[in-house]
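Notes to accompany the following structure.
The values are calculated or read from the model by the stated rules, or taken from the named source; none is laboratory data. Remember, it's a predicted structure, so these values are computed and weren't measured experimentally. Neighbour counts run over all protein chains shown; Cβ positions are idealised from the backbone, glycine included. The area values use the complete protein model at the heavy-atom level, side chains included, leaving out ligands, DNA and RNA. Shrake-Rupley method; radii C 1.70, N 1.55, O 1.52, S 1.80 Å.
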Amino acid sequence: MEKSDTSSVYIIHENEEWIAPLKKNLEQDRTDYYDWNLTKGNVDLTETPPNGVFYNRMSASSFLRGNLYAKDLTAPILAWLEANNRRVINSRRALQLEVSKAEQHIALRQFGLQTPKTIVAVGKEEVIDASYSFNERPFIIKPNMGGKGHGVRLMNSRQELELLLETTPLEELTVDGVILVQEYIPPKDQQIVRMEFIAGKFYYAVQIDTGGSFELCPADACEIPSKTESKAPEFNILEGFDIPEIEKCEAFLAANNIEIAGMEFLQNESGERFFYDVNTNTNYNTGAEDKNPEGLQGMKRVAGFLREELDKVG
Ligand SMILES: Nc1ncnc2c1ncn2[C@@H]1O[C@H](COP(=O)(O)OP(=O)(O)OP(=O)(O)O)[C@@H](O)[C@H]1O
Ligand SMILES: [Mg+2]
């Protein structure tokens, strides 16, 4: 990497499209930044890292863009930065959680957040075996390392799963070989909620009308024309949103050195909340932000936070 003489915000990532809104906001604030794309790279680990603020936006879905190993380059780089006491936002631990829904599940429960019953499995027979725990009720299978809802499938019966596994190699369903077999909780009114946290604090919650789809990427760059059979997801910021779990979420994030994240939950018919996803590489839906009367703007707030942190490291 190039070393800059002045302190900068270093954006660690692998997808240019997703960081365009952040760059725009940093430029508006005249904040120096360095676009550190880790799809490829080399770093001399015996050197001292440059000064600055390092914002890790590595995504679990990088493999969908042909960048499977970007996370494996990011992990030691974050370790190197942390070992040299650099200001890292969304730490190495954040990356560990980003790339494993199983780890997320455990960490969420440690903070008293309710999660759907989940069995982690490796091996075809073992995945089928796990499905017996759901007693003929529908269940979900999802890859441990996911992203954009990729590979999340509803199974109405064990037979459906057996058929899928007869025709599809496990490697096509999960890139790290690990599958989560999870209780299916039909979301009340087909809606889920994504809570956004910036600087470790709750910022806003956006309700997503899923239209029955599991692919709910909020980034503007993800918007695709709706398929004829299902309507495109719709995003709306919830005014006056307040639930008792906000505090637990903030405690969970603080304990895991995550400062910027989107945390998703859904409610069952009786209104109980289940947390099932933590996104440490979060994107904001500007359609939802434009509609909201309070002028909330996720990326602008992120840029402001990065600037504050940069001023502190001088
Ligand atoms: N246990 C569940 N019961 C019912 N629906 C679920 C469950 N888990 C996931 N879903 C649905 O599938 C969607 C995708 O699941 P999940 O968020 O775990 O995957 P993801 O790949 O991390 O998605 P993204 O990266 O877009 O956030 C959810 O937003 C939700 O609508
Ligand atoms: Mg999700």
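Observations on the structure shown:
- Residues satisfying the stated conditions in segment 271-314, i.e. away from ligand 1 (no atom under 16 Å from the Cβ), hydrophobic (A, V, I, L, M, F, W, C) and assigned to a helix (DSSP H, G or I): MET299, VAL302, ALA303, PHE305, LEU306, LEU310, VAL313
- For segment 4-55, filtering for residues that are open to solvent by less than 40 Å² (accessible area, probe 1.4 Å) and within 16 Å of ligand 1 (Cβ to nearest atom) leaves 4.
- Test result for ALA121, within 24 Å of the chain's Cα centre (by Cα), among the small types (Gly, Ala, Ser), at pLDDT 95 or above and away from ligand 2 (no atom under 16 Å from the Cβ): yes
- Residues that are in contact (Cβ under 8 Å) with a residue 24 or more places away in the chain and away from ligand 2 (no atom under 15 Å from the Cβ), drawn from segment 187-204: LYS188, ILE198, ALA199, GLY200, LYS201, PHE202, TYR203, TYR204
- Unmet requirement for TYR69, which otherwise passes all of (1) within 25 Å of ILE179 (Cα to Cα); (2) over 20 Å from the mean Cα position of the chain (by Cα); (3) aromatic (Phe, Trp, Tyr): (2)
- Residue list for segment 68-103, restricted to those being part of a loop (DSSP other than H, G, I, E, B), in contact with a strand residue (DSSP E or B) (Cβ under 9 Å, 6 or more places away or on another chain), surrounded by fewer than 24 Cβ atoms within 10 Å (Cβ to Cβ) and not hydroxyl-bearing (Ser, Thr, Tyr): ARG86
- Qualifying positions in segment 260-270 - out of contact with any helix residue (DSSP H, G or I) (no Cβ under 7 Å at 6 or more places or on another chain) and in contact (Cβ under 8 Å) with a residue 24 or more places away in the chain: GLY262, GLU264, PHE265, LEU266
- Only residues that are closer than 21 Å to PRO233 by Cα and in a loop (DSSP other than H, G, I, E, B) were counted in segment 255-270, giving 2.
- Subset of segment 275-308 (residues that are within 16 Å of ligand 2 (Cβ to nearest atom) and in contact with a Ser or Thr (Cβ under 6 Å, 6 or more places away or on another chain)): PHE275, ASN281
- Checked across segment 127-135, the condition of being within 11 Å of ligand 1 (Cβ to nearest atom), part of a loop (DSSP other than H, G, I, E, B) and not assigned by TED's automatic domain parsing to the domain that holds PHE252 holds for no residue.
- Qualifying residue in segment 125-144 (condition: under 20 Å from the mean Cα position of the chain (by Cα) and either exposed (fewer than 15 other Cβ atoms within 10 Å of the Cβ) or more than 16 Å from ligand 2 (Cβ to nearest atom) (or both)): no
- All positions within segment 254-270 that are within 16 Å of GLN104 (Cβ to Cβ) and within 16 Å of ligand 1 (Cβ to nearest atom): ILE258, ILE260, ALA261, GLY262, MET263, GLU264, PHE265, LEU266
- Note on segment 151-186: residues that are under 29 Å from GLN267 (Cβ atoms) and either open to solvent by less than 70 Å² (accessible area, probe 1.4 Å) or more than 16 Å from ligand 2 (Cβ to nearest atom) (or both) total 21.
Residue by residue, here is whether (1) at pLDDT 80 or above; (2) outside any loop (DSSP other than H, G, I, E, B); (3) not assigned by TED's automatic domain parsing to the domain that holds GLY147 holds:
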site: VAL193; (1), (2), (3): yes, yes, yes
site: ILE208; (1), (2), (3): yes, yes, yes
site: GLU215; (1), (2), (3): no, no, yes
site: ALA221; (1), (2), (3): no, yes, yes
site: ILE224; (1), (2), (3): no, no, yes
site: SER230; (1), (2), (3): no, no, yes
